[in-house]
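What follows is a single structure, written as structure tokens, with notes after it.
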Amino acid sequence: IMIALKKLAIFLPVLLFPLQTYADESAIDCLTKNIYFEAKNQSIAGQLAVALVVINRVKDKRFPKTICAVIYEGPTYESWKTRQIPDRCQFSWYCDGKSDNPKELTAIDKAQWVAWLVLNGHVFDFTRGATHYHANYVNPKWNRHKEVKRIVQIDDHIFVPAL
């Protein structure tokens with residue numbers, strides 16, 4: 001019970017006094033899909049971190065200024081496993097040539113809840129401004145620079161700062 005009370009004490013100020021909000025229906029839909037396809041098998045912390053990367057990109061002048069534009073930036077190509085995705089594709093699920101219709105109802109509901117929390121400013125950016133992440137079993141080209149330092153690993157995603 002003490003651990004639960006300590007967690008509540010940490011999040012209560014954010015719940016009562018939300019940070020900046022990005023919530024509109026299209027933003028929630030886009031972010032929900034991104035969380036679902038990028039992190040449906042991750043913990044809540046992992047899903048929150050994926051959503052926070054999108055928010056950090058919206059804040060970064062090098063990326064588009066809306067949630068949906070950040071997520072859908074880049075063309076659609078065949079699976080990333082074939083290594084035919086150009087660097088401009090931001091999220092592999094959008095470029096893999098597979099259906100973008102979620103099939104797991106429980107997972108999409110959870111992703112929508114996470115998206116709502118983040119978009120309504122109820123989550124502190126514990127990724128410390130990360131604008132990129134990758135699975136721990138891949139090494140993307142952008143991650144091969146010597147100056148790239150990991151911020152945190154959550155589940156099987158490694159989060160890195162603005163490049």
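One table, with the values for the structure above:
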item: Burial order of peptide ranges 48-56, 61-69, 107-115 (average beta-carbon count within 10 Å, highest first); result: 48-56, 107-115, 61-69
item: Using a Förster distance of 22 Å, the FRET efficiency for Lys61-Arg144 (Cβ separation, nearest 0.05); result: 0.40
item: Förster-model FRET efficiency, 22 Å R0, Ser26 and Ser99, C-beta, rounded to 0.05; result: 0.65
item: Cα-Cα over 28 Å, subset of Lys59/Lys103; Lys33/Lys141; Lys61/Lys103; Lys110/Lys149; Lys61/Lys110; result: Lys59/Lys103; Lys61/Lys103; Lys110/Lys149; Lys61/Lys110
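A short reminder: the numbers here are calculations on the coordinates, not readings from a lab. Just so it is clear, the model here is predicted, and its values are computed rather than measured. Backbone-built Cβ (ideal geometry, glycine too); neighbour counts: all protein chains shown.
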